[in-house]
Every structure is written in structure tokens, then in C-alpha cells.
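Everything on this sheet refers to the single structure shown next.
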Amino acid sequence: MTANAANWFVERHLDEGRAGKVAFREAFGEQRELSYGDLAKQSSQFASALLRAGVEQEQSAALFVLDQIEFPIIFWGAIKAGIAPIALNTLLATDVYRTILNDSQASIAFISAEMLETVLPAAKEAAGVKRIVVIGGTAPAGTESWSDFISGAEPVPTVERAKSDIAFWLYSSGSTGEPKGVRHRHEALQYTCETYANQVLGIQESDTVFSAAKLFFAYGLGNGMSFPLSVGATSLLYNARPTPDSVTTILNTHKPTIYFGVPTLYAALLQHWQSHKKPEAPLRICVSAGEALPADIGHKWKELMQVDIIDGVGSTEMLHIFLSNSQKDISYGTSGVAVPGYEMRLVNENDDEVGFGEIGELLVRGNSSATDYWNKAEKSAQTFQGGWTRTGDKYERNENGRLIYCGRTDDMFKVSGIWVSPFEIEQALIEHPSILEAAVVSHRDDEGLEKPKAYVVLNNASKADAQVDELKEFVKEKIGKWKYPRWVDVVDDLPKTATGKIQRFKLRQGE
């Protein structure tokens, strides 16, 4: 059988008797549904429409598509046709889209109607984009509607592909700067399912899955697409920004058994449920990734919801989580151990292994690794080295063999010659009852020496009861006198990527 990923994720379910089962359900509007049989048929029709439109094999298709029924049809249909779908962040600015389209050289763009105002100017100017298809609403001049694009297309066979061929692209989240095109092989998605989804989560066919993280995000693509499709489960799609209100409604109404979130949203939900009734949902698994989960949030969630949060670490380059806690082995404040199927190394500046209690950069190896960054040979060579992928994250290994997150390589700094972990200081600040969120960066004092500076968001903006001196003393008592933030700025919010990662580089730059 061809190694085209669409065979295992889509076509296999017809042979296994799931044609009538719901694969995707929209948790908004008319709550449209897409069965496994419809997904197979409509993705094959879409593949035919792509080829009919003159898009050639090994070209790429840009997806500016919200989390809605059309997303999996386009994604798998393109893969069936041998054309790489590029799942793109739906919350960026026109100038960024212009850069991405020119960089990717996508030959066709699919745009949800809600995004037209932002995306269309960039798509029309991109030299490589020959056709623009609008999903929903009215197609403006120079574009065509979704219904017209697929009308009359007859299903075509899935093209032959090797497991090492490029299947799809993602773009990095931009937590450290300009997004980069990350290209993944056909074997990558299945590998994350057979390792993390199966051996860590134990996902089942009977599960209903809801991911607050969107499908364009590597984390969300696994959560809301590949993981449920790997076992024949049902995935809930939500096309808007997840808020405490909307997530609560979805948990109450659709009763998911697995929920995927990010630390920021978990914290916001806990705060929301202090004054609103918590949802009644049969949650058996909750997962967090995107940034390290503060221990305090994990403990509070378990106490309230009677289910642990499984904190894990993944990346766009590795496609999903490769380092994680597990249901029967939770240690809040740590990132856990290597997911079965992955290898880890912690190295110093000379690439020598570091010992217990020492901080080193995390390198990871596994078959879900991306091939490269598109059109960025030098950066690719720096990141992908002999089967190992440099994560750019700093970790410490404790005496139990668990890894403790210390921060991004670019975020780490030394105070009095000793490495300081911004995340350790942030965790201490978050334990203060007045603090909702915190971010710590280096800042030079009057003598030019680096010291910690904190930016904090209060739990109650109308009650500025987190006095600076009080917070400094609080951190001193928690983690040590020399690590406390010398400056504390109270802010309304912290700069983040669309996937919830704090953009500390913007704080360093004073933005």
C-alpha cells in the first residue's frame, strides 16, 4: 500500500466499518457534521478539483481556514492529490501573510470568509497565487466560491507517495521572531499517534475530543485532527477564539472526554469558575502544552475538576509532544520524561552532556521531526543536526530523571555568573494570590548588569493589591534572595502568539 498518509487517516475507516460515524462536529452555528464516509468522499472530490484547477503535484496550497468542516476536507484532499497543504495561523496581520505567501510560493489560497479583509490583499499581490477560493459568504471579484470550486468534481484515486515524501507544511508560531516554513513527511502524523496519542494518552474510539488550540498549530493539528482520526473518535471544531465562556459552553453542551488547552487558558478558566458554575463534562483526560504549565495551576485544576492536567512539551519542528507527564505519573512543575519512541539529550554550549541539576539545551530525536525550514538552509543546518533537533529550550534533569523547564535559550540569562530561569521566577510569582500571569526577562541595571524584570497581570485589575515590594519578598522566600525581580511592572496583558506562547522578545525590546 502507498504510504500516503490519507490512506491510514481517512480511507482505512471505510474498511473498518466507520463510514457512518461522525468524524467532525462543529461546536458553533448550525453545528454541521462530517462523517468518516463523507470525509473520504469529499476529500477525494476536492483532490480532483485541485488537479482540475491546474495545481500540480508537489506544489502547495495555502489554508487561511478557520476550524470548520472544510478544513479536514482541504487538508486531506490536498494530501491525496500529492499537493502539500500549508496550515496557516488565522490571527496574523496582512503584512505577515504577504511575507508567508511570497516565501511559500503557494499556487492557490483557500480563505474563510471571516478572514477576507485581512488575507485578500496579500493573496492578490502574491506572485505565486493563481487562484483564490472563498469559503462561506460571497466571493469578491477575482476569487471563486467554495461551491463553484468543487462543483462537478469526481473523486480521484489517492496518489502514490513514500513515507519520506513531504506531505504538508506548518509555519512556526513566531514566539522568537519571524515565522518559518516547517515541512513534514507523510510518516510524521502517524508516528505522533502511535507514540504520544496511543502510549501516553490512550485515546479511544469512544472519545469525543475538544482542542482549544487551533488546527493550524502543530499541537492543535494533532489534538483535533490526527489523534481522533487515528482511532475513529469524534473531534469538536470551534471557529472562534476560545474564551472561558465559550469553552465552558462547549464542555457543558458537547460533553468531550478529552480536552486540550494551554496554560493561559487553564488559568483563565480557573479564575472564571470562581464566579461561574464549573461545567459538567465527563473529562477523563486534560492536556496542556505550548508553554510549561505552572504547578499551581495543575494542583488547582485537579482539586476543582478531579482530573489531572497532563503537561507536555512539543514543537512545530517535532510536530507534537515528545516529552510529557502521563496519566499515572504526574509531577507538577516538571515536563516529565521522554515519550516512548523519542530520545533526549541535555547539552551545554560545547554540546557535551550535562549532569543532574545542571541546565542544558534540550535535543530530541524521533521520526516525527521535520525535514527542514523551507528556503532557510542556514537555519535548517543549525536546528536539524544528524537526526537530532535542537529545541532551543533549556532544561534541568532532577534526581528522578524528570526534566524541569528553565526557559528558551534566548530567554536565559546570568545573575552574578549563575544561570537564571525566567520560568522559575514566573512560577513563584503566579503562586501569589494577586497574580494571574507573569513574564520575566533580563534587564540591565544602572551598572550595566543583568537582573530579572517581571511583568505581571493581576487577577483583579480593579484591585491593584499586588504591591511591588510584597512581590519581591514573596519571590525571595520562594526561590532565593538573588533571583527576585528587581523591577515589577503591572500590565493589562502580555504579548503572546496566537497559540498562547508569551513573546518575551517583545518585552525585552520594550514593546
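The values are calculated or read from the model by the stated rules, or taken from the named source; none is laboratory data. Computed from a predicted model, the values in this text were never measured in an experiment. So basically every Cβ, Gly included, is an ideal-geometry build from the backbone, and we count neighbours across all protein chains shown. To get the accessible areas, we keep the full protein, side chains included, count just its heavy atoms, and leave off ligands, DNA and RNA. Shrake-Rupley method; radii C 1.70, N 1.55, O 1.52, S 1.80 Å.
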Exercise. With no solvent and one equal point scatterer per Cα, compute the Debye intensity ratio I(q)/I(0) for the stretch 45-148 at 0.16, 0.18 Å⁻¹ and report its log10, rounded to two decimals.
Key: -0.59, -0.77
Quiz item: Angle, helix 468-479 long axis vs. longest principal axis of the chain, Cα atoms, 0 to 90°, nearest 10?
Solution: 90
Quiz item: With all protein chains present, how much of the accessible area of the stretch 1-159 (probe radius 1.4 Å) comes from carbon and sulfur, to the nearest whole percent?
Solution: 48
Practice problem: Any of Lys300/Lys481; Lys328/Lys451; Lys80/Lys394; Lys478/Lys506; Lys300/Lys472; Lys277/Lys472 with alpha carbons more than 29 Å apart? Name them for me. | Solution: Lys328/Lys451; Lys80/Lys394; Lys277/Lys472
Quiz item: So for the stretch 377-425, Kirkwood radius off the Cα pairs, Stokes-Einstein at 25 °C and 0.890 mPa s: how many µm² s⁻¹?
Solution: 197
Quiz item: Taking the simple approach of a point 7 Å from Cα along Cα-to-Cβ for both Ser147 and Asp489, what is their distance in nm?
Solution: 5.1
Quiz item: For the stretch 218-329, max minus min Cα coordinate along each principal axis, in Å, sorted largest first?
Solution: 39, 28, 26
Exercise. Report the label-to-label distance for Arg444 and Gln382 in nanometres (one decimal), using points 7 Å from each Cα along the Cα→Cβ vector.
Key: 2.1
Quiz prompt | GluC sites (Glu not before Pro) restricted to the stretch 254-304 and DSSP loop, no more than 14 other C-beta within 10 Å | solution = Glu280
Exercise. Go through the stretch 308-375 and name the GluC sites (Glu not before Pro) that are in a DSSP coil and have 10 or fewer other Cβ atoms within 10 Å of their Cβ.
Key: Glu349
Quiz item: What is the helix-to-structure angle for 295-305, meaning the angle in degrees between its Cα long axis and the longest Cα principal axis of the chain, kept from 0 to 90 and rounded to the nearest 10?
Solution: 60
Quiz item: Counting only DSSP beta bridges with both residues in the chain, what percent are antiparallel, rounded to the nearest 5?
Solution: 55
Quiz item: If one puts a single equal scatterer on every Cα of the chain and applies the Debye formula without solvent, what log₁₀ I(q)/I(0) results at q = 0.07, 0.08, 0.13 Å⁻¹?
Solution: -0.38, -0.49, -1.31
Exercise. Measure nothing but the geometry: give the 0 to 90° angle between the long axis through the Cα atoms of 116-125 and the longest principal axis through the Cα atoms of the chain, rounded to 10°.
Key: 70
Quiz prompt | Burial order of peptide ranges 475-486, 375-386 (average beta-carbon count within 10 Å, highest first) | solution = 475-486, 375-386
Self-check item: Cα shape, the stretch 187-276, gyration tensor, a/c 1.5 rule
Solution: prolate
Practice problem: Could you work out the local net charge near Tyr97, counting Lys and Arg as +1, Asp and Glu as -1, over the other residues with Cβ closer than 12 Å to its Cβ? | Solution: -2
Exercise. Return the whole-Å distance between the Cα centroid of the stretch 372-424 and the Cα centroid of the stretch 203-218.
Key: 27
Exercise. Express the carbon and sulfur contribution to the solvent-accessible surface of the stretch 327-470 as a percent, rounded to the nearest whole number, probe 1.4 angstrom.
Key: 44
Practice problem: Leaving out ligands and nucleic acids, note down the accessible area per residue over the stretch 123-200 with a 1.4 angstrom probe, in whole Å². | Solution: 45
Quiz item: For the stretch 49-89, what is the accessible area per residue in Å², given a 1.4 Å probe and the full set of protein chains?
Solution: 21
Practice problem: Please give the length that would be gained between Ala53 and Asn350 if that part of the chain were fully extended, namely 0.36 nm times their separation in residues minus their C-alpha to C-alpha distance (nm, one decimal). | Solution: 101.8 nm
Quiz item: Hey, if you drop one equal point scatterer on each alpha-carbon of the stretch 1-100 and run the Debye formula without solvent, what base-10 log of I(q)/I(0) do you get at q = 0.14, 0.20 Å⁻¹?
Solution: -0.59, -1.05
